[in-house]
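These notes are about the structure you will find just below.
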Amino acid sequence: MIRFGPAGIPLSCKGRTLKDGIEDVHNLSLSALEIQMVRAGAYPRPAEEEEVGMTIRDIQEDFVVEILRDGEPISDPEEPIGEEDDLLFMPSPVANTFGDLAGIGHMAQRMDVKLSIHTPYYMDMGGEDELTYSCVDSIRHAGLILDALDGDIVVTSLGIYEDGREPESVEEHIYDNMGAIVDWWKGCGLKPRLGVEITGQQDVFGSLEQVLNLCNDIGDIVPVINFSHQHSRTNGSLLEADDFLDLIDQVAPYCKGGIHTAFAGVEYTDGNETRLTPIKKGDLKFEPLAEALQEIRPDCTVISTSPLLEHDAMYMRIIQERVLTKKAAKDLKERRKSESAAAAAAGE
């Protein structure tokens, strides 16, 4: 199945909650929604007396994502809160409370809307300072939230080469930090997949080769194809259906559970993305990708990161349906031609 959906709550949605966004996506005949963790900060506060003995699912005052006990995070949502515990709460959450997530996830399943989460777009996993620790927490918290929603995949980028740091040092820290996250992920038994996205800047870790090497070396990480980023980073390499097929073929073996992708129009210079545009602009066209997807029919999600969000998600769905109709008509024509030829041969 090929799913389409927006990166965030649809622009046309009257409400701005995740529940509103899921309902709107469904009403637009789309079937995917990528939650955007734009403000992902979590801050400690003391547990209130009446919260002792509760779990984070029971708290109704704010969105608590973890318990802090003696300075160490406890990620189990079934863990009772102790008298001396602190609670990590998110001022800008994806729902009113952590306990609301299960119901929202059930609603998404009923409406056949597959959920994913994208971590903040500025990530630095290549260091060992407070910024990196905050980025690690953003990925962990995204995993906990999406697990409670019973969603599909957490998508993240990883790190930048700057501040005078040696590329080898940045990559070493990325590997160490991602390895630790994967170990924690498995230890918590989180069901969503952890995805690393191809990036669109030369000074950011995330070329296709780097992402695939990371998947090979660490394991339990899924490559995420951002077609706009790949097109920019390779100076416009995605032009024909075969270009998209080659890229998908390289990524598909790592993507048990389906291929997760993003698409938008894009402007770029010297291998660097400058800005995303509506799909009808620029030299990255959706039609060749639609032809490639129709040829191999993968289990695939395509997220619109275009400034037009749901409009371009619907546009891609329509183009995909046109390609399907065109191929079905062609196959029918060829079958009738073959049947006519066989009938004529039998008559002779």
List, in order, the whole-Hz ³J(HN,Hα) value for each residue of the range 298-304 obtained from phi through the Karplus relation with A = 6.51, B = -1.76, C = 1.60 and θ = phi - 60°; use x for Gly and Pro. x, 7, 9, 10, 10, 9, 7
Cα long-axis angle, helix 286-296 against the chain (0 to 90 degrees, to the nearest 10): 80
Sites matching GluC sites (Glu not before Pro) across the range 227-304 that sit in DSSP coil, with at most 14 neighbouring C-beta atoms within 10 Å: GLU240
Which percent of the accessible heavy-atom area of the chain goes to carbon and sulfur, probe 1.4 angstrom? 49
Collect residues whose amide H, placed 1.01 Å from N in the peptide plane, falls under 5 Å from the amide H of LYS114; neighbours closer than 5 in sequence don't count. ALA32, LEU33
Three-way shape call for the range 82-197 based on the alpha-carbon gyration tensor, with the a/c threshold at 1.5: prolate
Could you tell me which label, among (1) 82, 45, 36; (2) 66, 62, 39; (3) 92, 48, 36, carries the value of Cα extents along the principal axes in Å calculated for this structure? (3)
To the nearest 10 degrees, how steep is helix 101-110 against the longest Cα principal axis of the chain, on a 0 to 90 scale? 10
Find how much the distance from TYR133 to ASN27 grows on full extension, using 0.36 nm per residue of separation minus their present alpha carbon separation; answer in nm with one decimal. 34.2 nm
Please tell me the relative contact order of the range 1-109 in percent, rounded to the nearest whole number, where contacts are Cα pairs under 8 Å and at least six residues apart. 27
Within the set of other residues whose C-beta is less than 12 Å from the C-beta of GLU130, count the net charge using Lys and Arg as +1 and Asp and Glu as -1. -4
Write out the GluC sites (Glu not before Pro) in the range 75-170 meeting two conditions: DSSP loop, and at most 16 other Cβ atoms within 10 Å of their Cβ. GLU78, GLU83, GLU84, GLU128, GLU162
Points 7 angstrom from Cα along the Cβ direction at ASP203 and ARG165: gap in nanometres? 1.4
With an 8 Å cut-off on Cα pairs and a minimum separation of 6 or more residues, tell me the relative contact order of the range 1-65 in percent. 29
In whole Hz, with x marking every Gly and Pro, tabulate ³J(HN,Hα) for the range 115-124 from phi via Karplus 6.51 cos²θ - 1.76 cosθ + 1.60, θ = phi - 60°. 9, 9, 10, 10, 5, x, 6, 9, 10, 9
Computed about the Cα centre, the charge dipole of the chain from +1 Lys/Arg and -1 Asp/Glu charges at the Cβ has a magnitude in debye, to the nearest 20, of 2660
Sequence-distant or interchain residues sharing an amide H contact under 5 Å with ARG193, placed H: which? ILE153, VAL154
If amide H atoms are modeled at 1.01 Å from N in the peptide plane, then the residues at a separation of 5 or more from ILE259, or on another chain, having amide H under 5 Å from its own are ASP299, CYS300, THR301
Radius 11 Å from Cβ of GLY258, net charge of other residues (Lys, Arg +1; Asp, Glu -1): +2
For the range 229-247 and the range 166-206, distance of Cα centres in Å: 24
Rounded to the nearest 5, what % of the DSSP beta bridges within the chain are antiparallel ones? 40
For the range 234-309, the dipole about the Cα centre with charges only on Cβ (Lys and Arg +1, Asp and Glu -1), to the nearest 20 debye, works out at 400
Excluding residues fewer than 8 places away in the same chain, name every one of the lysines whose C-alpha is closer than 25 Å to that of LYS337. LYS326, LYS327
Helix 130-149: angle to the longest alpha-carbon principal axis of the chain, degrees 0 to 90, nearest 10? 70
Filtered trypsin sites (Lys or Arg not before Pro), the range 178-275: DSSP coil and at most 12 other beta carbons within 10 Å: LYS256
Going residue by residue through the range 37-50, the Karplus relation 6.51 cos²θ - 1.76 cosθ + 1.60 with θ = phi - 60° gives ³J(HN,Hα) values, rounded to whole Hz and with x marking Gly or Pro, of 8, 5, 10, 9, x, 10, 10, x, 8, x, 5, 6, 4, 6
Electrostatic dipole magnitude of the range 8-117 [Cβ: Lys, Arg +1; Asp, Glu -1; Cα centre; debye, to 20]: 1040
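The values are calculated or read from the model by the stated rules, or taken from the named source; none is laboratory data. The structure presented is a predicted model; accordingly, all values stated were derived computationally and were not measured. In this analysis, Cβ positions are derived from the backbone assuming ideal geometry, glycine residues included, and neighbour counts consider all displayed protein chains. With ligands, DNA and RNA removed, areas are computed over all heavy atoms of the protein, side chains included. Shrake-Rupley method; radii C 1.70, N 1.55, O 1.52, S 1.80 Å.
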